[in-house]
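These notes concern the structure reproduced below.
The values are calculated or read from the model by the stated rules, or taken from the named source; none is laboratory data. Just so it is clear, the model here is predicted, and its values are computed rather than measured. Ideal geometry is used to build each Cβ from the backbone, glycine not excepted, and the neighbour counts take in all protein chains shown. Accessible surface is based on the protein model in full, side chains and every heavy atom, while ligands, DNA and RNA are left aside. Shrake-Rupley method; radii C 1.70, N 1.55, O 1.52, S 1.80 Å.
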Amino acid sequence: MRCLKMISSNIDENEKEKSTVGYDSNSSKPNLKGDWSNFFLLLLLYTMQGFPLGLTSSIPILLQSQNDISYQDQALFSLAGWPFSLKLLWAPLVDALYIQKIGRRKSWLIPVQYLMGISFLYMAKEIDNFLPDTGTPNIVILMCMFLISNFLAATQDIVVDSWALTMLKKNNVGHASTCNTTGQAIGIMLGSVFPILFASEDFCNKYLRDTPTSGGLVTMKSVLYVWGLIFICVTTLIAIFKKENDCRLEFEHVKLNVTQNYSLLCDILKLPSIRILAVALLTAKVGFSVTDTVTYLELVDAGVSKDDITVINTGMFVVKIIIPLVTAKYTSGPKPMSIYLNSIAMKLIWSLTFILLVYFTPMLINNDDGNTNIPMYYYVVLILILFVDEILSYIMFVAVLAFFSRISDPRFGGTYITFLNTVTNLGATWTSTVALGAIDLLTFKKCSFDPFNYCSTLDYKNTCEADGGDCITTVDGFYLGTLLSVTFGFTWYAYFKNIIRKLQTKGASHWMVNIKRTITESI
């Protein structure tokens with residue numbers, strides 16, 4: 001009871017100060033002098049976090065280059081990306097359970113990163129069996145392996161996001177977002193470039209070798225093996241040399257147990273403004289779910305090399321590094337969600353250009369004697385379309401993160417921001433999975449020899465081919481799915497436009513959590 005009175009007393013003082021203390025109360029300017037080592041450590045940790053994400057994003061492109069992979073298989077594998085959208089389910093455990101002697105964040109970081117290293121070493125041993133160069137890959141096993149690695153990466157994300165708030169000096173905490181966006185971009189780039197480009201015989205012979213030879217510079221097995229060792233070595237160095245500050249000395253530190261942490265999540269969700277915002281974020285990306293998820297796969301089917309797509313994607317990482325710097329002046333203002341809404345409207349309109357891109361791609365690509373010849377002007381058009389789309393997507397990302405930083409309760413910023421980021425990630429993940437699963441359902445075919453055979457099942461398809469016919473696509477699910485999703489997107493924009501603009505004008509009291517009631521009820 002004495003402890004409860006002390007906590008309640010501190011909370012009452014915080015409530016009194018709430019009306020006078022803003023969310024950005026730091027008066028000193030950022031200065032990384034004496035903080036550079038922490039800055040680069042965070043950059044390294046976020047880079048390591050980005051690697052499994054990049055690796056996961058490269059697998060669908062590798063799978064799509066095999067003719068026996070359907071969009072249903074792609075939808076199944078996409079489940080591997082769900083942990084980042086569900087990490088809030090175990091975030092309270094990460095916050096509440098730790099060994100004080102080791103450190104609040106190191107208690108989780110060390111075992112999680114060791115497990116990541118071990119998982120990559122295991123995947124290196126088995127990857128050739130589950131993802132062979134020829135033959136049918138084992139989609140279920142691949143999904144399970146990458147699901148585990150992404151679960152561990154999502155847990156590491158919770159730990160590093162929280163540690164960044166105390167590892168850096170108070171006036172340098174703003175640099176944590178720079179480490180996050182830049183580090184993840186580097187890690188994702190490394191995770192996608194090595195397995196696709198440097199493992200590609202065609203790419204290496206064309207760009208990296210004087211004399212063509214068989215195989216790439218690396219293999220998927222060697223990439224996984226090296227990164228497994230990197231995770232183990234870096235984690236060992238952190239465990240030995242990096243000292244963590246005592247969390248009990250943190251300003252306004254409140255120790256919550258597991259039950260209280262989960263109660264805190266419930267109280268966040270009970271805020272009316274949060275509930276409205278959550279519904280909007282969960283459905284915001286339906287409008288461009290098909291174009292964001294399926295376009296690259298459609299281009300690979302049409303004949304565009306997976307190597308060329310990866311090269312273009314790698315170049316897009318420059319955009320991800322520059323955009324936060326260019327837009328900081330605008331997104332750091334009082335109305336970042338206005339920029340978010342404007343970007344959504346433009347992205348919905350721009351999504352229609354992907355219909356034209358996918359439609360004309362087979363016509364612009366020349367196939368002579370089995371050799372694919374893609375004219376240079378096609379690449380110019382492709383890069384332009386993808387470049388504009390990437391800019392709009394990243395402006396949305398930066399704007400919504402700026403809004404989250406402004407509204408999050410500063411006493412529980414890590415949990416609060418994790419909650420909001422989880423909702424945003426879930427809004428992207430479920431729409432991606434549904435989009436992939438819906439393409440085959442929205443695609444209609446007929447057998448060239450039998451107008452009553454719609455090739456709707458594998459048996460009907462085999463029957464058509466056995467009779468010497470081909471299953472001809474009459475309605476491509478990509479076009480129909482894009483039109484349906486964009487229509488939903490414009491409906492979403494019309495409904496939520498004024499609601500979101502009103503939300504961003506609400507004061508701090510609309511976003512603060514009544515933690516006094518949570519602690520009292522739990523105790």
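Tabulated data
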| item | result |
| --- | --- |
| Residues located in the stretch 447-462, provided they are in a loop (DSSP other than H, G, I, E, B) and in contact with a helix residue (DSSP H, G or I) (Cβ under 8 Å, 6 or more places away or on another chain) | SER448, PHE449, ASP450, ASN453, TYR454, CYS455 |
| Residue list for the stretch 261-295, restricted to those being assigned to a helix (DSSP H, G or I), of a type outside the set (A, V, I, L, M, F, W, C) and closer than 19 Å to MET396 by Cβ | THR283, GLY287, SER289, THR291, ASP292, THR293, THR295 |
| Residue in the stretch 31-39 that is at pLDDT 85 or above, within 23 Å of the chain's Cα centre (by Cα) and outside any loop (DSSP other than H, G, I, E, B) present | yes |
| Test: residue in the stretch 473-488 that is assigned to a helix (DSSP H, G or I), open to solvent by less than 40 Å² (accessible area, probe 1.4 Å) and of a type in the set (Phe, Trp, Tyr) | yes |
| Test: residue in the stretch 151-170 that is within 28 Å of ASP73 (Cβ to Cβ), among the polar types (S, T, N, Q), surrounded by fewer than 20 Cβ atoms within 10 Å (Cβ to Cβ) and modelled with pLDDT of 85 or more | no |
| Output for the stretch 374-428, where each listed residue is of a type in the set (Asp, Glu) and more than 18 Å from the chain's Cα centre (by Cα) | ASP409 |
| Residues (open to solvent by 20 Å² or more (accessible area, probe 1.4 Å), small (Gly, Ala, Ser) and part of a helix (DSSP H, G or I)) located in the stretch 171-218 | SER177 |
| Residue ID - surrounded by the fewest Cβ atoms within 10 Å (Cβ to Cβ), chosen from residues in the stretch 55-73 that are over 17 Å from the mean Cα position of the chain (by Cα) and in a helix (DSSP H, G or I) | GLN72 |
| Boolean, VAL234 is in a loop (DSSP other than H, G, I, E, B), among the hydrophobic types (A, V, I, L, M, F, W, C), surrounded by 14 or more Cβ atoms within 10 Å (Cβ to Cβ) and in contact (Cβ under 8 Å) with a residue 24 or more places away in the chain | no |
| The one condition in (1) open to solvent by less than 60 Å² (accessible area, probe 1.4 Å); (2) more than 20 Å from VAL290 (Cβ to Cβ); (3) touching a helix residue (DSSP H, G or I) at 6+ places or on another chain (Cβ under 8 Å); (4) of a type outside the set (Phe, Trp, Tyr) that HIS510 fails to fulfil | (1) |
| Single residue of the stretch 126-143 satisfying the filter (free of Cβ contacts under 8 Å to residues at least 12 places away in the same chain and not β-branched (Val, Ile, Thr)) that is most open to solvent (accessible area, probe 1.4 Å) | ASP133 |
| Selection from the stretch 321-362 of residues that are at pLDDT below 75 and not hydrophobic (A, V, I, L, M, F, W, C) | PRO324, THR327, LYS329, TYR330, THR331, SER332, GLY333, PRO334 |
| Subset of the stretch 60-110 (residues that are among the hydroxyl-bearing types (Ser, Thr, Tyr) and touching a Lys or Arg at 6+ places or on another chain (Cβ under 7 Å)) | SER65, TYR98 |
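Listed here are the residues, each with its yes/no results for (1) touching a strand residue (DSSP E or B) at 6+ places or on another chain (Cβ under 9 Å); (2) on the phi > 0 side of the Ramachandran plot; (3) modelled with pLDDT under 85.
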{"position": "LEU190", "(1), (2), (3)": "no, no, no"}
{"position": "ALA199", "(1), (2), (3)": "no, no, yes"}
{"position": "PHE203", "(1), (2), (3)": "no, no, yes"}
{"position": "LYS206", "(1), (2), (3)": "no, no, yes"}
{"position": "GLY215", "(1), (2), (3)": "no, yes, yes"}
{"position": "VAL218", "(1), (2), (3)": "no, no, no"}
{"position": "VAL223", "(1), (2), (3)": "no, no, no"}
